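The values are calculated or read from the model by the stated rules, or taken from the named source; none is laboratory data. Here the structure is a predicted model, which means the values were calculated and not measured. With ideal geometry, Cβ positions are generated from the backbone for all residues, glycine too; neighbour counts draw on all protein chains shown.
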Amino acid sequence: MTNQRTPVPAPEDLILGIDQSDTTSLARAITLVESENPEHLSKAARVIEACLKSRPETKRIGITGVPGVGKSTFIESLGMSLINAGHSVAVLAIDPTSSLSKGSILGDKTRMTSLSSHPKAFIRPSASGDSLGGVARKTREAIILCEAAGYDIILVETVGVGQSETAVHSMVDFFLLLKLAGAGDELQGIKRGIIEMADAIVINKAEGANVASAKQAQTEFSRALHLYPPKASEWQPKVGTCSAIENSGIAEIWEMILDYFLSVQKNGYLEAHRSAQNKQWLMQHLEDVLKSEFFGSETLKKQLDEWVVKVENHEVSPFKAAELLLADYRKELK
Ligand code: GDP
């Protein structure tokens, strides 16, 4: 973390460092992005602007699944095989609960031993923050920075709880759901929304005695996926099996992901989807900033408290109170 004793690096130095794939510069730029300090954020914005210009060809892949399903093990296995094939891999995370639990995912890098010590991998635990929106913005910007630093494969991990999958989905090209073969009730426990978002479902821990149930789950999921409406990407989601711990099935899953990229590059969806995501980030950011400006003002907060009482007591209509508050907000802006 940047603290008062560490001088804030100059944006120009960070831009140069990132351009030369210097991981210290990359890490420091991400720290600026994660800061709450306005001076840091304005420096971060300059770095992001410069990084956006490079627009390298990259693949952004989201990976979700309940705790214990094997996300870290899968990322370690897939990440190492990608590095062996000549790629550079960045692993980021979205875990809005991490500020409470002190990094429940990715916090423990020992779970990705080979990857975390490899010079062609960059692993960054989830940013902390009090809102999912804030954590998501930081991760989105970290993606841009990692790409500019030369990482061509970005893996974004999220834990399968709450709304964090939606946030990850809004920043990746391909979304993968890791699952375990259950005892029969395969469709239980998975939120419908997540299945709808998934471009692939992968049943992990498919080795030894588990192979048969994993295959059965694969058949059931494939059948279930056909019942969903077609995706805008025209991609028919696939179901695979793997054993992350034994590195089996990982190459096939990567082949499937490459098939997806070929298909969405050809039909133009990849480019259109990234543009739509950019627009979505713009709208989201505007909303966040406007909200935090309004609710962050001490004067307005005091006035709001007073108006709330009047509204509760039917002394004034909610709309009138809102109009008066907004008028004061506009006056404050002048
Ligand atoms: P995460 O919480 O989703 O990141 O899961 P982890 O990667 O930490 O894995 C949870 C546990 O499952 C660990 O004990 C792993 O060793 C184990 N595990 C992960 N993948 C496999 C697998 O393919 N087969 C088996 N048998 N165990 C696995």
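Here Ser275 meets the list (1) surrounded by fewer than 15 Cβ atoms within 10 Å (Cβ to Cβ); (2) among the small types (Gly, Ala, Ser); (3) in contact with a Ser or Thr (Cβ under 8 Å, 6 or more places away or on another chain) almost entirely, failing just condition (3). Within segment 67-96, being away from the ligand (no atom under 13 Å from the Cβ) and at pLDDT below 90 holds for Ile94, Pro96. Screening Asp288 against (1) closer than 21 Å to Ala167 by Cβ; (2) over 20 Å from the mean Cα position of the chain (by Cα) leaves a single unmet condition, (2).
Here's a check for you: in segment 124-151, which residue that is polar (S, T, N, Q) and modelled with pLDDT under 90 is surrounded by the fewest Cβ atoms within 10 Å (Cβ to Cβ)? Show your work before the answer.
Quick first cut of segment 124-151, residues polar (S, T, N, Q) only: 126, 128, 131, 139.
When the remaining residues are screened for being modelled with pLDDT under 90, the result is 126, 128, 131.
Working: Ser126: 28, Ser128: 17, Ser131: 12.
Applying the filter and picking the extreme gives Ser131.
Is one or more of the residues making up segment 272-289 acidic (Asp, Glu) and outside the structural domain of Ile61 (by TED's automatic domain parsing)? Looking for residues that are acidic (Asp, Glu) and outside the structural domain of Ile61 (by TED's automatic domain parsing), one finds at least one in segment 272-289, hence yes.
Determine whether segment 267-279 contains at least one residue that is under 25 Å from the mean Cα position of the chain (by Cα), modelled with pLDDT of 90 or more, in a loop (DSSP other than H, G, I, E, B) and away from the ligand (no atom under 16 Å from the Cβ). Before the answer, list the steps.
Our first condition is that a residue be under 25 Å from the mean Cα position of the chain (by Cα); within segment 267-279, this holds for 267-279.
Among the residues that remain, those that are also modelled with pLDDT of 90 or more are: 267-279.
Next, from what is left, pick out any that are in a loop (DSSP other than H, G, I, E, B): 267-268.
Next, only the ones that are away from the ligand (no atom under 16 Å from the Cβ) stay: 267-268.
There is at least one residue in segment 267-279 that is under 25 Å from the mean Cα position of the chain (by Cα), modelled with pLDDT of 90 or more, in a loop (DSSP other than H, G, I, E, B) and away from the ligand (no atom under 16 Å from the Cβ).
All conditions in (1) outside any loop (DSSP other than H, G, I, E, B); (2) at pLDDT below 95 hold for Asp185, with the sole exception of (1).
Kindly indicate the residue of segment 210-253 that is part of a helix (DSSP H, G or I), within 16 Å of the ligand (Cβ to nearest atom) and touching a residue at least 40 places away in the same chain (Cβ under 8 Å) and also nearest to Ile194 (Cα to Cα) among those meeting that condition.
So in segment 210-253, the residues part of a helix (DSSP H, G or I) come out as 210-225, 250-253.
Still in the running and within 16 Å of the ligand (Cβ to nearest atom): 210-215, 217-218, 250-253.
Remaining after also requiring touching a residue at least 40 places away in the same chain (Cβ under 8 Å): 250-251, 253.
Values: Ile250: 22, Ala251: 24, Ile253: 19 Å.
Across segment 210-253, the extreme among qualifying residues is Ile253.
If you take the residues of segment 203-219 that are charged (D, E, K, R) and either surrounded by 16 or more Cβ atoms within 10 Å (Cβ to Cβ) or more than 11 Å from Val239 (Cβ to Cβ) (or both), which of them is farthest from the chain's Cα centre (by Cα)? Once the filter is applied, the top-ranked residue is Glu207.
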